[in-house]
Each structure stands twice: as C-alpha cells, then as structure tokens.
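Undergrad: Input: one structure, supplied below.
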Amino acid sequence: MRESEPLAPYLAALNDVQREAVETTEGPLLVLAGAGTGKTRVLTSRLAHILLTGRAWPGQILAVTFTNRAAREMRERVAGLIGDAVDGLWIGTFHALAARILRRHAELVGLRSNFTILDSDDQIRLIKQLMAAADIDDKRWPARALHGAIERFKDRGLTPDKVSAADTGDMAEGKLLALYSQYQARLKLLNACDFGDLLLHNLTLFTANAHVLAEYQDRFHYMLVDEYQDTNVAQYLWLRLLAQKRHNLCCVGDDDQSIYSWRGAEIGNILKFEQDFTGAKIVRLEQNYRSTRDILAAASGLIEQNTGRLGKTLWTELEGGDPVAIRAVWDGESEARMVCETVETLQRQKISLENMAILVRASFQMREFEERFITLGLPYRVVGGPRFYERQEIRDALAYMRLVHQPDDDLAFERIVNLPPRGIGPATLQIVHKLARAQTIPLTTAALRIIETDELKPRARKALSAFNADCARWRTMSQSLDQVELTETILDESGYTARWQNDKSPDAPGRLENLRELVSAMEEFENLAGFLEHISLVMDRDNGSNEAALSLMTLHAAKGLEFDHVFLPGWEEEVFPNRRSVDEGGSAALEEERRLAYVGLTRAKQQAYISFAANRRIYNQWLSCIPSRFVDELPKAHVEVSSEEGLYGAKSGYSDSGGDDQPEWSGVRQGRGPGYARMQNTRMQNTGKRGGGTVIEGRAKVVANAPSHIQVGARVFHQKFGYGTVQSVDGDKLEIEFEKAGNKKVMDSFVDPA
C-alpha cells in the first residue's frame, strides 16, 4: 500500500506496533501481548488482513483458541470485518480442530469415524474397572489420581511406548504404565477416546502417515494461535508439525501471564519460540488501554523480578489514577470488614458493584468475605466455582455434623453413609429405606434395627454396624468436646480427611484447605447447634436475583477479566506465594506465583487495593504473618501504605532508608496471634473406641419397637429368602425357618402373609 493511499479502516484503528503485528504476514511471528494491549483486535485484524489482501482463502487459515467462547468471539469479530467469507475458516479450540481432523482419518489410528469422546465420569469408571482387574488398591491409589497421571502423559505427547519407568515411579504399585496401556487398548475396543487422545492421535497420525501430514501442511497457508503461553507439549508438537512447510505461524501470548502449569501448560513453549522457529520475529504490544500508570508501573516492577521471561514494559497514555493502596490489617475478619467498608464507600460514589472484584489466591479465603457480605446484605457472585458453603467437601463435612447433631436427618444420612466408601452400596441403602418407609422411622433408626437381622449380606451388615457405632460414639463425644474438636475428630476418624489427602488430583489440596477453614469458622460460635443454624440461614440466601453484584473469585479464574476496582487480599508469606506450591515446585513455582500477582494487579482499571494481615487463622491455628515478598517488590513510588491504628507502629508511608515512616514488618515475625494458646491445647484423650457394641445397645433401647402383627407359626413370604414359618417374635423382629434359606432373623416389614 503506497503512503499516499489511506489505510483500510481495520488498519487505521490500530497503533503502530499493532499494525506491524498485523502486516507481518510471512514467516514465524510471536506477538508478546501484555495485559490490556488489544491482542484480540490484533488477531482478528490480522486474520481479516490476510483474507482481504488475497493471501489466502478462508479454508487455508487455521485459527486456534483455548475456549469455545473465544472461538465464537473471534469468528464474530472477523465476520464484522469481512462478512460471510468467515464461514470456511478453521476456527476452534485445539481439541475441536484435532477432533475434526481425526474423524477424517480415524481408521489410521485404529478407530472408526463415529468414535465416541468419553466425558470425565466415563473415563474414571473405565479406569476403576481396569484397576479392579489389576488388583490395584483404590484407597491408596484413587482412580482420579491415576487418571490425572495418564492425562499428564498425554499432555506431554507420550503414548504408552514412550513412557519410561522414571516417569511412572511407584505409582499404582508399579503398575501405572501397564494400566495406561490397558486403558488405551480398551478405549480402542470401545471405539472411543478421551480429550487427551484427540491431540495424541493427531500426533501419531501425522508422524506415521507422511501423506496425511503433507495434506494439512499444504492446506494451511497461515496459522494463528491465541494464548500461546498456555499450550502444553502435545499442543506445541501439533502446531510445529503443521507449520514445518510454510512457517507462517503467528502465536499471540504473554509469558508474564503463564499461570496454568498445574494443568500441563509449559511456559518454555513461548520462551523458546525464537529457537524453535528459525527467523522468528517478536513484536511487543506494550501500550495498555486498560489501567492507570501507577497500576502498570507497580505490576511491571513486580514482574521484573522474574528471570524466566522475554521482557516488556507496559505503559499508557491514560491520565490520572491513584497509587496502588497497600493496607495492613490485624486479621482476616478485619480485612473483610475493611474491604466491605471500601466497597460501600464506592457505592456511595455511584460506582456499581459490577465494576468491583475481590481476587483471592485460594478458595478458603472466600469464607470470611462471604460471611461479611451476607451480614451486610451485599449482593455478590462467586465466579468460576460455587460459594464456600456450597462446595462439595463443605457440604459433606456439614452432613456429618448434621447427622451427629440430629440423628433423624435422613438427607445427611444418605449423603455420608458411604462417604468415603465403606461397602454400603445402593442395594443396602434401598433395604434401609424400605424398612424406614414401612415403619415410618428415620433412616438412622432403620439402620440400627436392620443390622440385628439377616436382611443384609454379612459384609454390608458389618459395614453398616461400624458406621452406626461411629455415629453413636461421636454423639457421646459431642457432650464433652467443643464443636471444633468434635469436627476435627469426626473428619479424621471417618476417613473423610484421608480421602482428600490420598487424592492426587490438582484440586485436592484446595479441598483440604477449605475443610480447615470450615473448622476455623466454627470457633466463632458457642456450640455446634448455633453454627448449623447459621449455615442454614446462609445457604437459604436467594441466588436468583439479577441485581448488580460484586465478583469474588480466585486469581486463576480472573485471567482475561477486568474491573474498575480490584481488591487483592491475603498478600502474606505462606498464603501468597502459596507455600505448598513453592515447596513442591521451587523457584519455577515462585515465578508462577509472581505471575499470578501480576495478573491480579493488571485486572484493575482504576484502583487496586492490596491487603495483608498481621495474624491469620490457617489450619485452625492462629499464625503471626509477615507481608508477602511481593509487597516488598512493588515500586515504592507507585504504592501508598496504610495500616490499622497501632499496627506495626506506623500509619502510612514507605521509605528506602528504614526511617520512622517505614512499617516494621519484621516486628510480627515472633509473636502469636489471639487464641494461639487455646489452639495448642492437647485434644481430649477420650475419643471412644471404633466398633464398640455397648453404645449401639444403649441407643437401641431408646428406640421403642412396636409389637409385630405377625404371630408365631404364621406362614410368610420374603422376597429374598422365599417361604417360611415364623418361629419367634421379638417386637418387630421375626425369627423364621425358611424352606431353602434356613433360619433367619428379619424385620416384619419385609414379609407378607403366604
């Protein structure tokens, strides 16, 4: 295009660097797109530019996204620029595009074109079947953990023949590799695959069939990839194979926003782009259209501490804005109160709740905020997950407490009678239900009565008897233990805590943190009854309102979103950076934690509020906290520090000289928060013995057994045991001599006159 000619509208709307990224059509290109720099506009404009300048037909362009929503948005934006020509484009997620290719060539990898893509539940069910056949202990090696390990193999592009002994270690008692092989074989037998197989089979298809690879290399003249920093090894290999002939691969991403290593994302893919693709060009999008100068300067100063990055500095032409507010508070309750007070102040300034968000490092931090919101009647939504008290593990734990507090709670009984698995299956529960309906009694009472007869198989009867004994013992303990110690005991003795400790899935540690936060929350109440009543009121809250609401979410869920005002609580060592992540992942994990902090800061358009507490109750213990190292790494010229009166001996200010206005962060390192001594008390020794019979007997005597209407000598029929004659009657329990089954004890509700 000659300089005298006006730019096309889609080019005129771009800044110089954005236009460079759009017009650099030939050869490998990496667009380093910082937060809020207009990467989506660049992607769609580049795609439109290639089509409008006649460089390719729609069917010759491959555009890859990570979500279906992003794919739809890209298609709609391009359609707005070029019209109906968008219909022939290959736009979609990695998995959708790989499935499209695989269905055309399924027979080359041992499948038929109508193969089924199994969902997660079906995958786990298949893994469990194979584990049972291989005699793998599912309590020590949960199916979800082994399934997760297999998923990681697939993320790395490893078929069973490429997995080494070092990769599997002692998982599944050394049988993981064999399990993986059997799993793949079974999938082919079922003419099925899982999501990981879509790319894995594509890799096999391309490497084993040169003519198929050549077909797609010839087809795709240009390839565009969004969120390249989030690709895993298999996705990288797939893209590299397709780009080998023409090399026209444009990847857009931000190495400073790579925060999903736990899902298989490999930051090395973006960091080594220049080495992987000879002659690659890098264009940096650094002009931010979202945030104020102070926010960008603070975020840039923080992320510069990372060594594993390609480097860029965000800047903006936007005027105004305040420094990042850093606030020191006494504890988590004070933090929630401070945030809510600020929210209410913003509301009085006519700022909508829709423009505010609270971003936490871990879901257990949400509880105190939710409690405060409910107290104030402040509308809120949890983005990317359920509210705290609606989470699976919290509901399970509450069901245990409800059943101990109120034995007649049938819904609680049903939820946890076989959780974790005890061998009390649906058939057993159906029999208990039948007795409960027949005699109009609670399930707990029915469970106590049914174990005294022969209705159940010995194994199920033994398991149900043990569960009854546990519940009875816990009810006795509730008379002497406070609700905190009682809950800890129940979760431990029931095996529920161990269930998540043994689970190797990525979300298991977070579930354990939530359980600990639940136990911490109970301390604020006088007794268990008061706590359960509080929960009932909390969970009864109307969720169907369409009114404006404040957003509450984890930092991971916040990526790609933006808000005028963003609150970032819990910036303390141990919490953020997360201690577990750093312990397991070392310096690489620390850098990812710092990228999380960067993502959090750059969600804010007008104001970011960071807070940390001097005391934090974690794992039901009060800990004295020190501010996160990330606080110290923020450029002091772009932050403003304040603290609660009397905290750290400072009201506000930062200085490099350590003068009077420097908060004495180290002053809280050795202290202990309130309640510490109480938390260190030895738990009561008398926790009862598992499986004892006296408690059950005592409980059974309390339940009045109505006399049976069936007489000795009566001829009866039992659905399981057949025909028989009643030998004796004890209340509602009958001893019957069956013609084929012999002498059995049964409940009268289960027999009919012959």
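The values are calculated or read from the model by the stated rules, or taken from the named source; none is laboratory data. Since this is a predicted model, take the numbers as computed values, not measurements. Note that we place each Cβ from the backbone using ideal geometry, even for glycine, and neighbour counts take in every protein chain shown. These area figures cover heavy atoms from the full protein model, side chains too; ligands, DNA and RNA do not enter into them. Shrake-Rupley method; radii C 1.70, N 1.55, O 1.52, S 1.80 Å.
Undergrad: Based on alpha-carbon positions alone, could you give the equivalent ellipsoid semi-axes of the range 125-248 from the gyration tensor, as √(5λ), descending, whole Å?
TA: Square roots of five times the eigenvalues give 32, 15, 12 Å.
Undergrad: Direction-averaged shadow area of the convex hull around the Cα atoms of the range 32-123, nm²?
TA: Details: hull surface 33.5 nm².
If I average the Cα hull's projected area over directions, I get 8.4 nm².
Undergrad: For the range 316-332, take each phi angle, set θ = phi - 60°, evaluate the Karplus expression 6.51 cos²θ - 1.76 cosθ + 1.60, and give the result in whole Hz per residue in order, putting x for glycine and proline.
TA: Each residue's phi maps through the Karplus curve to give 8, 9, 5, 9, x, x, 10, x, 5, 7, 10, 10, 9, 10, 6, 8, x Hz.
Undergrad: Here's something else I'd like to know. So who's got an amide H within less than 5 Å of the one on Ser611, skipping anything under 5 residues away but keeping other chains? H placed 1.01 Å off N, in plane.
TA: Counting only residues 5 or more places away or on other chains, the set is Arg327, Leu568, Gly570, Trp571.
Undergrad: Using modelled backbone amide H atoms (1.01 Å from N, in-plane), which distant-in-sequence or interchain residues come within less than 5 Å of Arg617's amide H?
TA: Placed amide hydrogens put Gly332, Leu623 under 5 Å from Arg617.
Undergrad: A further question follows. If I take all pairs of Cα atoms in the range 93-195, what percentage of them are more than 22 Å from each other?
TA: Values: 1600 of 5253 pairs.
The share of Cα pairs beyond 22 Å in the range 93-195 comes to 30 percent.
Undergrad: Heavy atoms of the protein only, probe of 1.4 Å, neighbouring chains included. What is the accessible area of Glu215 in Å², nearest 10?
TA: 60
Undergrad: Report for the chain the percent antiparallel among DSSP-assigned beta bridges with both residues inside it, nearest 5. Present the calculation step by step, with values, prior to reporting the outcome.
TA: Values: 25 of 74 bridges.
Antiparallel: roughly 35 percent of the beta bridges in the chain.
Undergrad: Given the pairs Lys139/Lys457; Lys154/Lys312; Lys162/Lys312; Lys154/Lys175; Lys162/Lys281; Lys154/Lys281, which are separated by over 28 angstrom at their Cα positions?
TA: Lys154/Lys312; Lys162/Lys312; Lys162/Lys281; Lys154/Lys281
Undergrad: Whole-Hz ³J(HN,Hα) for each residue in the range 250-257, computed from phi via Karplus 6.51 cos²θ - 1.76 cosθ + 1.60 with θ = phi - 60°, x for glycine and proline: what do you get?
TA: With coefficients 6.51, -1.76 and 1.60, one gets 10, 10, 10, x, 9, 4, 6, 10 Hz.
Undergrad: Right, next: Once a ≥ b ≥ c are taken as the square roots of the eigenvalues of the Cα gyration tensor of the range 493-602, is the result rounded (a/c under 1.5), prolate (a/b larger than b/c) or oblate (a/b not larger than b/c)?
TA: oblate
Undergrad: Let me ask you something else. Specify whether the C-alpha gyration tensor of the range 202-316 places it in the rounded, prolate or oblate class, a ≥ b ≥ c being the square roots of the eigenvalues: rounded for a/c under 1.5, otherwise prolate if a/b is larger than b/c and oblate if not.
TA: Prolate.
Undergrad: With everything on Cα atoms, drop me the angle between helix 176-189 and the longest principal axis of the chain, reported from 0 to 90° to the nearest 10.
TA: For helix 176-189, the angle is close to 90 degrees.
Undergrad: Keeping all protein chains in place and using 1.4 angstrom, which order do Lys504, Lys457 fall into by accessible surface area, from largest down?
TA: I get Lys457, Lys504, largest accessible area first.
Undergrad: Now for a different question. As I understand it, the dipole of the range 415-484 uses +1 on the Cβ of Lys and Arg and -1 on the Cβ of Asp and Glu, about the Cα centre. Which of Pro442, Asn468, Ile424 lies farthest toward its positive end?
TA: The residue sitting farthest along the positive end of the dipole is Ile424.
Undergrad: I need the phi-derived Karplus couplings for the range 596-610: 6.51 cos²θ - 1.76 cosθ + 1.60, θ = phi - 60°, integer Hz, Gly and Pro marked x.
TA: For the range 596-610, the Karplus-derived couplings read 4, 4, 5, 4, x, 4, 7, 6, 7, 8, 10, 8, 10, 10, 9 Hz, x marking Gly and Pro.
Undergrad: I would also like to ask the following. Taking H as built 1.01 Å from N, whose amide H comes closer than 5 Å to the amide H of Thr554, not counting residues under 5 places away?
TA: Those qualifying (amide H under 5 Å, at least 5 residues apart or on another chain) are Val360.
Undergrad: Expressed as an acute angle from 0 to 90° and rounded to the nearest 10, what is the orientation of the C-alpha long axis of helix 366-376 relative to the principal long axis of the chain?
TA: 80
Undergrad: Would you list Lys175, Lys162, Lys740 from the most to the least accessible area, probe 1.4 Å?
TA: Most to least solvent-accessible, the answer reads Lys740, Lys162, Lys175.
Undergrad: Heavy-atom accessible area per residue, the chain, 1.4 Å probe: how many Å²?
TA: Heavy-atom accessible area per residue stands at 44 Å².
Undergrad: Nearest 500 deg cm²/dmol is fine: what mean residue ellipticity at 222 nm does the chain get from its DSSP H runs of n ≥ 4 alone, each adding -39,500 (n - 2.57), divided by its residue count?
TA: Values: 31 runs with 332 residues, N = 754.
That calculation yields -13000 deg cm²/dmol at 222 nm.
Undergrad: If you don't mind, another one. Between the range 292-355 and the range 720-754, what is the separation of their alpha carbon centroids in Å?
TA: 73
Undergrad: Using +1 at the C-beta of Lys and Arg and -1 at the C-beta of Asp and Glu, which of Leu359, His247, Tyr289 has the Cα lying farthest in the positive direction of the dipole of the chain?
TA: The Cα lying farthest towards the positive end belongs to His247.
Undergrad: Along the positive direction of the dipole of the chain (beta-carbon charges: Lys, Arg +1; Asp, Glu -1; about the Cα centre), which of Gln129, Trp90, Leu30 reaches farthest?
TA: Gln129
Undergrad: Now a separate question. Size of the dipole of the chain about the Cα centre, Lys and Arg at +1 and Asp and Glu at -1 on the beta carbon, nothing else charged, in debye to 20?
TA: Details: 92 positive and 105 negative charges, 487 e Å.
Value, rounded to 20: 2340 debye.
Undergrad: Let me ask something additional. Treating the beta-carbon of each Lys and Arg as +1 and of each Asp and Glu as -1, no other charges, what is the dipole magnitude of the range 17-106 about its Cα centre, to the nearest 20 debye?
TA: It works out to roughly 280 debye.
Undergrad: Note down the accessible area of Thr231, probe 1.4 Å, to the nearest 10 Å².
TA: Ignoring ligands and nucleic acids, Thr231 comes out at about 0 Å².
Undergrad: Where the accessible area of the range 315-439 is counted over protein heavy atoms with a 1.4 Å probe, how much of it, in %, is carbon and sulfur?
TA: Answer for the range 315-439 is 49 percent, counting heavy atoms of protein chains only.
Undergrad: Next question, about the same structure. What does the charge count around Lys605 come to, taking other residues whose C-beta lies under 15 Å from its C-beta (Lys +1, Arg +1, Asp -1, Glu -1)?
TA: Overall, the nearby charge balance is -4.
Undergrad: Using only protein heavy atoms and a 1.4 Å probe, report how much of Tyr260 is accessible, in Å² to the nearest 10.
TA: Surface accessible to solvent at Tyr260 totals approximately 20 Å².
Undergrad: I've got another one for you. If His211, His49 are ordered by their accessible area, calculated over protein heavy atoms with a 1.4 Å probe, which sequence runs from highest to lowest? Spell out each step's value before the answer.
TA: Working: His211 120, His49 15 Å².
Ranking His211, His49 by accessible area, largest first, yields His211, His49.
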